[in-house]
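Please treat every number below as a calculation from the coordinates, not as lab data. Values in this document were obtained by computation on a predicted structure and should not be read as measured data. Quick reminder, even Gly has a Cβ in these numbers, built from the backbone with ideal geometry, and neighbours come from all protein chains shown.
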């Protein structure tokens, strides 16, 4: 958060990128905790966005997320990231149970247009708080994940984006016969992030 | 204007089937959990708090075993002890509310409105959440608990009624039920003089059971249910569907068609046109007065003081 | 023609606008093949069922698998690439990256989509299309990637317990572990030989000066809880008589004593002198309660007398509200109400209008008949005025709560056992009740949720009486097993706890040490 705290009102691409990737870090951890992908005792409570958020203490998981988000951050800086998707699959059947999708709209003119974008950090934090609270509340209508699940992170980028060495192309992992709920969004004026969740129609 | 500065925010939730007695209690307890968390009166959802407590207890009992025979003292220092106590009290009160709400719904008929107030007292709270439960519906498929809760929260979350509210400080939350005057209500204390507040923020959630033609159609065509959740998103659809309410929905017609009219009558206990009066006219030999019953416990909101400061390590990925 | 081969080859190599048919594989092709061969075995069956999908994917010269789908959709139509030579002739799609889901979706929905469109309203259709595009459509305009190394698995044997968590039975009731530690063993056990096993008497009381008055048969002993000293206060003159009730005045210097000979005595404890002997009752006096200078006494006759102890004509009123023995008697802390419970199962509430000669004031304000057995346990809430708790005997076993202002019953809890006594803890907002068959236990309840906080067992016969120390930390229970057990269940200061740790636990000290009968 170093960059954005220094500039309270003027949002730069770098600052916005940090805000968004930080949100992803906290958001993904929240989802992993709530959906029981990892044992609850491996999470610890931290204060962020004025909320209590659960973050993993599992070193391997932390490293994994750091690696992934490092690249995601680069794409954000390049304004080529379109979506970040968290796919939750059953360990046994490999069936996709849930799909958390974060659409990222980037104002590409930010690279060329030097007009400053202004928004208070407090405002952004508040918006993010609303998204995370809603993600947490979604548990009430999401079907229980009764079997062991694993997760994967998909990044949608512009078509001409090179695939980095440590990444590979992947399918979208859709849920056949799904129900979708659109959640809240937040914007830094440079990046706008929409959230939605799709889940298997249990009926 | 009966509600002062703010006119009530309304949200309509429709169900394709009947909601049986006990489930009405579940709706109220789930709404209570939702409001408490969304308004940050509890720092995590109720289930998460329970889970944290269970983990703590497991840890504690491990420690206890090691120290058998000694007088165990409360190891924590002052402020932490207080924090633990606040959490424990809040959970106890919440669970007592759950238990007694469920009891009330299984023992008492005609609880048609429930109110959750956030504020120092329930008489002039900062926020009032009015839950209007569906009236007597006699036909239709019986919905399962899962269906009811899913539909309720899909709608609430998609409509995101609370999303734009400003942050709120910790305060007390009270629960009141409206039921007939001479009902066998236990634990909840009768407050014959209580009237719904008309100040502060007022949010009305009306639950309506559609049945008859709509439900039948759903069965016959058996389209993918992705059709149905759209009603939660597009407001246009809600009003067209609602006017198809059948006779059995007459009890709730007031709230569907003209929410402002219904809400005007909310703070009068019995007036000829109020939904409450209509509810009682169906009931034979029943006392026609409804009064409010207030829970003897309130939930005192608290903040999470024990969570560690922001973990800087996770963000040190860009050296 | 051979001489032109080289030229042709050279020319074809130099041509820039045709696909490269020879030469090293493109990096992405290479990567694709690498992962393909790994997923060899998995894909055969999949290919069979989705034959269409397999055929779509055979043209690998497409930059991404998705583009091959575009073939049908993209009318602009890029050149149809052919399988390049030099590569294996068997294309095995990468299972995890193949869009079985998308293509399956498209395959299954091509027919139904149109039908659905007709029944949907325009806005619904738009929305669905929007959602659809959002989720699926963009797949066609973007590159989807995932990190090769996958996330670490959850630890072995980890069971996702969300189901348990979210479908928990929300009702409280089972023993919750208390936040504080409540010792399960008494701090002290005192011998109480010859204590009468009579449910209807009240033989224990603890003064504000920390003296515990205990009635054993025809004797009263005072146990100084601070020093541990035991002193015999009195002994009944007549061998056949016994003490039937005892109650300390608020200041702790006088002790009221009810006897089997229908007397109410008043004793000056410091000087060990009896200063009054008040008669009037026609049967034994089993219950007593003070309201400032007024002492109320309850008798086996069912009558309650008020005595103004300051004046010679002490008997100032008679309340006839019971048809059987008055075993419970308690004035509210604010002195406004007197609660009386009888063996007739009635609970009466009397107002504090005393001194009137006519009998019109001698009717109870309320009569509660909900208890199905004798009402001995009565306790007024110390922090909420007009809140009364009452407990019923063997046939009833309930603790009931009453709002005396409105005269309404607030709650009723089935304790499953005869209730002999109830006490409130102001410190913890809890209630403690004493019981009989079968566990002879004390139960601590959280108020007002009435969740059980603790159960204290140890007595081997039914508990008959309870009293609370002046500092509110300790409760003494007297039972038919002829013991008094002191339970430090409402302890407060950890420091104090440390000090008292050294005091003997479970030692039995005989009350008889001080004086011998």
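Classified by the C-alpha gyration tensor, segment A:158-203 has an oblate form. Its axis ratio a/c, with a ≥ b ≥ c, is 1.5 or above, and a/b does not exceed b/c. By definition, a body whose alpha carbon gyration tensor gives a ≥ b ≥ c is oblate when a/c is 1.5 or more and a/b is not larger than b/c, and segment C:374-492 fits this oblate description. Distances between every pair of Cα atoms in segment B:88-129, grouped in 5 Å steps from 0 to the bin holding the largest one, split as 5, 19, 16, 25, 24, 10, 1 percent.
Relative to a virtual label point 7 Å from the Cα of residue C:210 in the Cα→beta-carbon direction, which members of segment C:220-252 show backbone nitrogen distances below 20 Å? Hits in segment C:220-252 for residue C:210 at 20 Å: C:221-233, C:248-252. Footprinting exposure proxy ranking of C:420, C:215, fewest other C-beta atoms within 10 angstrom first, gives C:420, C:215. Note on residue C:292 and residue C:362: with the Förster distance fixed at 22 Å, the Cβ-Cβ geometry gives a FRET efficiency of about 0.65. Fully extended, how many nm does the chain gain between residue A:123 and residue A:67 (0.36 nm per residue separation, minus their Cα-Cα distance)? This chain segment gains 17.3 nm when fully extended. With contacts taken as Cα pairs under 8 Å at a separation of at least 6 residues, segment C:193-369 carries a relative contact order of 12 percent.
Here the label points at residue C:191 and residue B:166, each 7 Å from Cα along the C-beta direction, are separated by 7.3 nm in the simple model. Put in line by how crowded their Cβ is, counting other Cβ atoms within 10 Å and starting with the fewest, C:444, C:353 read C:353, C:444.
Would any residue of segment B:148-188 have its amide N under 19 Å from a label point 7 Å out along Cα→Cβ of residue B:124? List them or say none. Flagged as within label range: B:169, B:171-174.
Cβ crowding within 10 Å ranks C:340, C:261, C:227 as C:227, C:261, C:340, fewest other Cβ atoms first.
I need to check one value: relative contact order of segment A:33-186, counting alpha carbon pairs closer than 8 Å and at least 6 residues apart, in percent. For segment A:33-186, the relative contact order is 29 percent.
Among A:38, A:49, A:64, which one moves the most in a GNM of chain A with springs linking Cα atoms closer than 10 Å? Among A:38, A:49, A:64, the largest GNM mean-square fluctuation belongs to A:64. Annotation: extensible slack from residue C:471 through residue C:429 equals 13.7 nm (criterion: 0.36 nm per residue apart, minus Cα-Cα distance).
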